[in-house]
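Chemist: I'd like to ask some things about the structure below.
Just so you know, all these numbers are worked out from the coordinates, no wet-lab data involved. Remember, it's a predicted structure, so these values are computed and weren't measured experimentally. Every residue, glycine among them, receives a Cβ derived from its backbone with ideal geometry; neighbour counts consider all protein chains shown.
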Amino acid sequence: MKIDSIHLYHLRMPLVAPFETSFGREIDRECILIALRSEGLIGYGECVATRDPGYNYETTGTAWHILRDFVAPLLLGQDVKDAADFQYRIEGIRGHYLAKAGVEMALWDLLGKRDGRSLKDMLGGVRDTVEVGVSIGIQESASALVRSAQEYIEQGYNRIKIKIKPGRDVADTSAVRKAFPHIRLQVDANSAYSLETSQALLPLDELDLLLIEQPLFEDDIWDHRKLQARFKTPICLDESIVSPRHARYALEMGACRIINIKAGRVGGLSQGVAIHDLCHAQGIPVWCGGMLETGVGRASNLALASLPGFVLPGDISASDRYYQRDITHERFMLNPNSTITVPAGPGLGVSLDQQALAHFTLAELEVK
Ligand code: OSB
Ligand code: MG
């Protein structure tokens, strides 16, 4: 499809409640929305880089720079055929996966709108609803955490993930396990431990957790291998897996038994599908991670999570868990069996609320 223009929107949206992880506390969420124009259509994509370089090195600032100065000039006026063609064209740009992935998402939306096909269909999804859970940030105390988990369980979520960090790990997790002996429970450290300090996590092995997500450094697959050897509970990698190549390294090393797939982190949906395929062929469970997406990114996550190898619940909660007002007309709701329905319309299957978009836009730029 010949790309006529690329429009960037830097957004800031208030979260319904602060979200705290081992790397910081967010009250508002920032991201970049990308609109590609082609053949009279507009495709939307969400770049999940945040304001601060806490999750990884990218930020809304670095993504803006990479998109404006490097990605846009490679695409403008060009006939980009599909995701593989897009990846080929941007190959010379090292790293900056979150920035690239936002554009690939917009391209899929365009292709789907042109062909009248849903993203789920184009990616090879096999489910109309996907199992989901909720990711709960670090709370004031273990009892506040239990209360929060209780509320989500009452709303119908049947898988809980809690964020942990040194000093807020075993006691918090034990409290949730004690209050809900049968709930599917997992923890996420967002790289807050070293191999040495992670010894404090050994008691987690007795709490019947689904997995322990990214305990060690983001750029370290090797030490995760050493850690996995000490735990019965599967280690799951998030930050460490930035490409299908890294997924292969991790599996070959035995650094994890589960992989969290975020299309953003790996440079695009096509790369997420490649990791899915690699894991599926080896019987390695995968699940869809989240980055507090707007309705645009959430639609993309739901389509990805409809692939057959996504056998664990995704971090894809209902819209009201994140935002009072979203930028899509569609709001995602939790079905009674802890699932969310995958959009079926062309492309992402969502439409933009232009008033909401204008309301949340801090800066915009059209490159044409
Ligand atoms: O590590 O999975 C993570 C949110 C922001 C950055 C990193 C992570 C998260 C989450 C939230 O856990 C998942 C969601 O979108 O609900
Ligand atoms: Mg994570």
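Chemist: Taking θ as phi - 60°, what are the ³J(HN,Hα) couplings along the range 298-308 by the Karplus curve (6.51, -1.76, 1.60), each to the nearest whole Hz, with x for Gly and Pro?
Modeler: 5, 4, 5, 4, 5, 5, 4, 5, 8, 6, x
Chemist: Express the relative contact order of the chain as a whole percentage, based on alpha carbon pairs under 8 Å and six or more residues apart in sequence.
Modeler: Once divided by the residue count of the chain, the mean separation gives 22 percent.
Chemist: Can you spot the aspartates and glutamates whose alpha carbon is less than 20 Å from Lys113's alpha carbon? Ignore those fewer than 8 places along the same chain.
Modeler: Asp4, Glu39, Glu46, Asp79, Asp82, Asp85, Glu104, Asp121, Asp128, Glu330, Asp353
Chemist: Let me ask another. How large is ³J(HN,Hα) for each residue in the range 229-244, as worked out from phi by the Karplus curve 6.51 cos²θ - 1.76 cosθ + 1.60 (θ = phi - 60°), to whole Hz, x for Gly and Pro?
Modeler: With coefficients 6.51, -1.76 and 1.60, one gets 5, 8, 10, 6, 5, x, 7, 10, 9, 10, 3, 5, 9, 10, 6, x Hz.
Chemist: Could the peptides 36-48, 82-94 be put in order, highest first, of the mean number of other beta-carbon atoms found within 10 Å of their residues?
Modeler: Final packing ranking: 36-48, 82-94.
Chemist: If you don't mind, there's one more thing I want to ask. Work out from phi, with θ = phi - 60° and the Karplus expression 6.51 cos²θ - 1.76 cosθ + 1.60, the ³J(HN,Hα) of each residue of the range 187-196, listed in order in whole Hz, and give x for Gly and Pro.
Modeler: Result, ordered by residue: 10, 9, 9, 6, 6, 8, 10, 9, 4, 5 Hz.
Chemist: 7 Å from Cα along Cα→Cβ at both Glu206 and Asp69: what's the point-to-point distance in nm?
Modeler: The two pseudo-label positions are separated by 5.4 nm.
Chemist: A further question on this structure: With charges only on Cβ, +1 for K and R and -1 for D and E, what is the dipole size of the range 75-126 about its Cα centre, in debye, rounded to 20?
Modeler: Dipole size: approximately 100 debye.
Chemist: Skipping prolines and chain starts, which residues have an amide H placed within reach, meaning under 5 Å, of the one on Arg184, given they are 5 or more residues away or on another chain?
Modeler: Ile160
Chemist: Normalised by the residues of the range 171-255, what does the relative contact order come to in percent, with Cα pairs under 8 Å and at least six apart?
Modeler: 28
Chemist: Taking the square root of 5 times each eigenvalue of the Cα gyration tensor, what semi-axes in Å does the equivalent ellipsoid of the range 1-52 have, largest first?
Modeler: Semi-axes (√(5λ), whole Å): 30, 10, 7.
Chemist: Out of every Cα-Cα pair in the chain, what percent are more than 27 Å apart?
Modeler: Here the long-distance tail beyond 27 Å is 43 percent of all Cα pairs in the chain.
Chemist: Okay, next question. What FRET efficiency comes out for Ala179 versus Asp320 if R0 is 22 angstrom and r is the Cβ-Cβ distance? Round to the nearest 0.05.
Modeler: With R0 = 22 Å, the Cβ-Cβ based efficiency is 0.40.
Chemist: List the residues, sorted by chain then number, that are 5 or more residues from Leu307 or on another chain and whose placed amide H is less than 5 Å from its amide H.
Modeler: Close amide H contacts, sequence-distant or interchain: Val126.
Chemist: How many angstrom lie between the C-alpha centres of the range 63-85 and the range 131-147?
Modeler: A separation of 39 Å, based on Cα centres.
Chemist: Given the -39500 (n - 2.57) contribution per DSSP H run of 4+ residues, what per-residue ellipticity at 222 nm results for the chain, rounded to the nearest 500 deg cm²/dmol?
Modeler: So the helix-based figure for the chain works out to -9000 deg cm²/dmol.
Chemist: By counting other Cβ atoms within 10 Å of each Cβ, how are Thr59, Thr294, Thr129 ranked from fewest to most?
Modeler: Sorted ascending by nearby Cβ count, the order is Thr129, Thr59, Thr294.
Chemist: Which pairs, out of Lys232/Lys262; Lys120/Lys163; Lys2/Lys368; Lys165/Lys232, put more than 22 Å between their alpha-carbon atoms?
Modeler: Lys232/Lys262; Lys120/Lys163
Chemist: Related question: Using a 7 Å offset from Cα along Cα-Cβ at Asp85, what residues in the range 35-79 end up with backbone N under 19 Å from the label point?
Modeler: 35-45, 71-79
Chemist: First measure r as the distance between the Cβ atoms of His359 and Thr197, then evaluate 1/(1 + (r/R0)^6) with R0 = 30 Å and state the FRET efficiency to the nearest 0.05.
Modeler: Using R0 = 30 Å, I get an efficiency of 0.10.
Chemist: Plugging the Kirkwood radius over Cα pairs into Stokes-Einstein for the range 1-123, at a temperature of 4 °C and a viscosity of 1.567 mPa s, what D comes out in µm²/s?
Modeler: D = 86 µm²/s.
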